[in-house]
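Q: Before I ask anything, here is the structure I am working with.
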Amino acid sequence: MIIRVPLLLQKSVAVIHRLSIEATSNVDPAGEPDEGYDYTFNEPIVYTDPVTQERTGSRREFSPVYIPCQVEALTEERLKEFAVGDDPVSDFILVFHRQDLRNLGLLDSNQEVVIKKGDRLSRLEQYGAPRGTVTKLFADPGLYIHQMRGASWGFGPTGYDLELALLTRRREAPTA
């Protein structure tokens, strides 16, 4: 007998912008290096534009995906439990149901989530309302996924039904 864990009462829709490593890598920043993605640090290159003399990033993204989710507020004590290296300073996490991720094509052939650290959350929208009904807009560039974690161990056909997205406000591209 398989027990499924549903998302609970208040659903939202997370608007996630996934980083395209291939398109980012194809950006040719001025000078060195020759490509826009740093495979050592697993992040886009930040460089000075030779024309405008402004710091800019080479980040390129796929089209945004709209994922049903549940938003959970965290206490400071719980946030401290999640901290690993980077400092996640947002006070909530997103909970995704694996069936929604599967339906949207966001699980790979190994059933791993393709949303990764560095993907960006720009806003939350109202579930069931017309697309674009924003409930929470994050200051540009938004929040970044700090970590994805499986949750609800022991439930669902794959052993768990839920995925947690821990968020951080860490800017990907420094401005100075």
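No value in this document is a laboratory result; all are computed from the given coordinates. Computed from a prediction, not measured in an experiment: that's the story for all the values here. Every residue, glycine as well, gets a Cβ built from its backbone with ideal geometry; the counts of neighbours run over all protein chains shown.
Q: For a footprinting-style exposure proxy, rank His97, His17 by other Cβ within 10 Å, fewest first. Walk me through the numbers before you get to the answer.
A: On the way: His97 22, His17 18.
The order, fewest Cβ neighbours first, is His17, His97.
Q: Also, I was wondering about something else. Would you list Glu163, Glu54 from fewest to most Cβ contacts within 10 Å? Provide the component values of the computation, followed by the final result.
A: Details: Glu163 24, Glu54 9.
Exposure proxy ranking, most exposed first: Glu54, Glu163.
Q: Can you give the extra length, in nm with one decimal, that the chain gains between Arg131 and Gln53 once fully stretched, where that is 0.36 nm per residue apart less the Cα-Cα distance? If you can, show how the numbers build up before the last one.
A: Details: separation 78, 0.36 × 78 = 28.08 nm, distance 3.75 nm.
So the extension gain works out to 24.3 nm.
Q: What net charge is computed for the residues neighbouring Asp28, neighbours being all others with C-beta under 9 Å from the C-beta of Asp28, Lys and Arg scored +1, Asp and Glu -1?
A: -2
Q: Which order results if Val95, Val46 are arranged by neighbouring Cβ count within 10 Å, fewest first?
A: Numbers: Val95 21, Val46 18.
Fewest-to-most Cβ neighbours within 10 Å comes out as Val46, Val95.
Q: Taking 0.36 nm per residue of sequence separation and subtracting the Cα-Cα distance, how much length would be gained by fully extending the chain between Asp34 and Leu104, in nm to one decimal?
A: Numbers: separation 70, 0.36 × 70 = 25.20 nm, distance 3.41 nm.
Here the segment from Asp34 to Leu104 would lengthen by 21.8 nm.
Q: Could you check the spin-label model distance between Leu164 and Phe41? Points 7 Å from the Cα along Cα→Cβ, value in nm.
A: Output for this residue pair reads 2.8 nm.
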